[in-house]
Each structure stands twice: as structure tokens, then as C-alpha cells.
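The values are calculated or read from the model by the stated rules, or taken from the named source; none is laboratory data. Predicted, not measured: the structure shown is a model, and the values here were computed from it. Glycine gets a Cβ as well: all are built from the backbone with ideal geometry, and neighbour counts include every protein chain shown.
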Amino acid sequence: MLVFNTLFMAVVLWLFHLTRKAAGDLFGYLGLVCYWLAFEYIHLNWDLSWPWLNLGNGFAMIPEWIQWYEYTGAFGGALWIWLFNLAIFFALFYQGTIKQPEKRWLSFVVALVVVPGVGSYLIGAYHEESKESVEVVVTQPNIDPYTEKFIGSDNFIPYRQQVEKFISISQQKLTAETSFLLWPETAIDNVFNEDRLESYPILDTIAGLENLYPNLSLLSGITSYQQYLNVDKATPTARYREDLGYYDVFNAALFMNESGIKKTYHKSKLVPGVEILPYPKVFNFLTEWIFDLGGTAGSLGRQKDRTVFFNEKGVGIAPAICYESIYGEFMAEFIRNGAHYIFIITNDGWWGNTPGHRQHLHYATMRAIETRRSIARSANTGVSAFIDQKGNISQATQYWEPAVISADLNENKELTFYVTYGDYLARTSLWLSVFIMLAAIVKKRMKR
């Protein structure tokens, strides 16, 4: 993570240096901005993706500054940072000095503070949430992922006992009006065959909750697998076992609606090295050797489309699993597919007591602003919370403490500009980067 991220960032600066040297300052500094946004866009969409440090994420803890993300997404924040810093550089160091700064650039600096600030205030002030709402209950069971959660760990808690704990905690807040209940990522890690979900007694136990609360739908993390009886349909991440044939294992979300109908969604943004070997079609021959070094048992499967779950009243939810919630355009696809809410299930105990689990929480505030969707967040441990459509966090739980929280979340069916057009700033920068590099090559040849 550290080596590759810094390498990629260094490549951006190297390209800026080459472009400025070949084509002059105008193309150089324009290229610097475009190259950076293009790099961040690529970093969101390839198998080595680790966009934790993308510049637009830096405003996640001050949502009142970035209400205009509903038009630009997080790339608007990255562009803002670059323009602000370049304006200061041009004012003080390019042709002016600290004693005699370039006034036109100082004016630009002031405008870059005032215009987005005032715009954000006005956008936030005029946004009103719908009065239609649903009652949501979120659990935080606080089971240690290193020592208690998974089979083979030192103090493993049997899956049935874990489920009984989930049910007991949930019933502290469930009412006859509750529409949705959230359990965290990999809440039930007993590996389920997706073609036989109706045959597992442990799922029947969970379904008993719906007999007590007839309006209730459940979203829970599970681990599942899918067999490929036709070898030609096996994916690049599929494994092989003599008794199963080819099959994929998924970090999945299980949805059970009021009638007990079970559906699954497969986590699609996987953590490189932990959940997937990048580009399995190319490097599949390395899988056995690499994962024998102490990683997972192999690459997890994933799916192409964003599945939205609907209860019987037609309320749609986006089942974001952990890492997926830091991808703006990815989450926007759920909204285009009909999601009225975003529900995040995660297991932030892996971070330990570091800033990681707090950053992960705050990154969700940007998704709330970009999509103008209310968010419920269930963490096995970390911080569970509710987030309104302006990115304000409420009822945040304490780290490493079991908890259950409940809230009425307001619905939204409208599509924001960002949801409609996605990361258009980044895509534009990607194409401009190509033209700028071509211009630099032509100018260099003309000089010769």
C-alpha cells in the first residue's frame, strides 16, 4: 500500500516535469492538475485500487464545506485543492514574491475560498429532506475479528451463539414499526451455498424475527459460495475442489424481506491482496503460492452489477459492503438502479484502535452528500451511526463497545447531478491528459 501509492503519485509528478520541460508552463501546470485527477480516477477503477488518500476525501470531516459535492463528487474537492495551491504558488513564487505578491492571483485565492464556501452554505440551507421515512435499527455486536469471529481463531464463538447474540441485541430496539434491521459485514461467516439458502436451520432461526416483527426486512453480511456446473461459466477467481468442482466464494450481503424471501449481493470492490489477487486472468498461476504466504484462501468472487434490494412496500436499499463505501461513482450506480437509502455493513475491527475506522465512517458523509441519500451504518465494531442527506452524523457508537441504535431515516427518490453524470470531472481530465501529452510530444519535436 505504501510503496505502490507513493510510486503512482511520483509518476504523476514525473509526467508533470516532462510535460513542462517539453511544452512550457501552461501545458505543464494544466497537465499537473489533469494528470492527478486522471491518476485518482484510474486508482478508483483498477484492481490495485486503494483510493483512501484521494485528495477530495480530505474534506470528509467538514461536510458543511462541501455541499456542492452533489454536483461534482469528491473530484470537485481534489480540483479545488489543486487550484487553491497553484493560485498561492503563482501569487507568491512564480513571478511575484512574498513581499510583493501578484495581486490578481491573490484575488483568485480569495475567490476560491469565498465562492465555494458561500455556495456550500446556500446549497445546504435550501436542501430539504422528504417527510417520508422508515424506521431502521442498526446493531454493533462487537465480536473481535482476530480472536472470536472466525472459525480457527483462539476464542472462536460458535456461529449459532453469534446469531443468538445478534438477535438479543436487536430486540432491544426493534418495534412493530421497524422496517429494516442491519447486521454487520460477515455477521454470519458459516459458508452458505447460495442455491440452497432455504435449507439452513440457522437462517430459519433468523427468519423467526420476521414472525415477531411483520414489517421487518433484514440486511446481514454472510460468506457464501456458488458452484459452476458448467466449466465454461467458471470465473477467473473460481477455485476447484473435487467434491464441489469449480466454485466462487463471496463476501456477500444477505437480504430477507418481510415474506422471508432471501437474496444476495456480492461485494464487488475487493481489497487488493487481502480479498483478491489483482488481475486474476493474468496472475492466476501465482494464486496458490501467494496466498500460501498467509493471506486468504484465494481470491473472492465479485459481480458486475449493483443489486438494489426492495421490501414489499417498494423501498429500495443499496447494500454497500465495507470498502465499497469510499467509491463515489460506484455507489451512484446503486442510486440509479433505484436505491432510496444507503445501508453500509462493515467490520472495522480489522483497523484496531487507529484512525482507520474513524476515517472510514467519515468517508460515508461524502456519499450522503453526493447522492442526497440517508445512510445507516452497521459496524461489527468501529463506529455505527446514522448520516443524514447533508452528511451530518448522529448516534455514533463508541469504539469496541456492543451497541444497538434506532432512527427514522428520511427517504429520497430524486437523482442528483452527480448521480446522473458520475465522475465527469475525472473522465474529462483523463482525455485532456492524453491531448496534453500529445501536445508535449509535438512541441518537443518542433523544438528539435
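Can T237 be described as at pLDDT 95 or above and on the phi < 0 side of the Ramachandran plot?
Values: at pLDDT 95 or above: no; on the phi < 0 side of the Ramachandran plot: yes.
Criteria not met by T237.
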_the range 205-258: number of residues that are over 30 Å from I342 (Cα atoms) and touching a helix residue (DSSP H, G or I) at 6+ places or on another chain (Cβ under 8 Å)_ = 2
*Starting from the range 380-402, keep only residues that are assigned by TED's automatic domain parsing to the domain that holds A364, then list their pairs with residues that are hydroxyl-bearing (S, T, Y) and assigned to a strand (DSSP E or B) whose Cβ atoms are within a distance under 8 Å, requiring at least 6 positions of separation or different chains.*
N380/T346; G382/T346; S384/T139; S384/S378; A385/S394; F386/S394; I387/S394; D388/S394
_Whichever residue in the range 127-152 is hydroxyl-bearing (S, T, Y) and at pLDDT below 95 and, among such residues, is farthest from G77 (Cα to Cα)_ = T147
*Which numbered condition F166 misses (of (1) more than 25 Å from H266 (Cβ to Cβ); (2) in a helix (DSSP H, G or I))*: (1)
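Can you tell me which residue within the range 322-357, out of those that are of a type in the set (S, T, Y) and at pLDDT below 95, is surrounded by the fewest Cβ atoms within 10 Å (Cβ to Cβ)?
At the first step, the residues of the range 322-357 found to be of a type in the set (S, T, Y) are 323, 325, 327, 341, 346, 354.
Filter once more, keeping what is at pLDDT below 95: 323, 354.
Values: Y323: 22, T354: 10.
Among them, the one singled out is T354.
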*Any idea which of (1) part of a helix (DSSP H, G or I); (2) under 22 Å from F310 (Cα atoms); (3) hydrophobic (A, V, I, L, M, F, W, C); (4) touching a Leu at 6+ places or on another chain (Cβ under 9 Å) is the one L430 doesn't satisfy?*
(2)
*Determine which single condition A407 fails, assuming it passes every other condition in (1) under 30 Å from A23 (Cα atoms); (2) more than 18 Å from the chain's Cα centre (by Cα).*
(1)
_Name the single residue that is farthest from V134 (Cα to Cα) among those in the range 316-333 being small (G, A, S) and outside any helix (DSSP H, G or I)._
A320
_Residues satisfying the stated conditions in the range 401-421, i.e. farther than 19 Å from I375 by Cα, assigned to a loop (DSSP other than H, G, I, E, B) and not charged (D, E, K, R)_ = P402
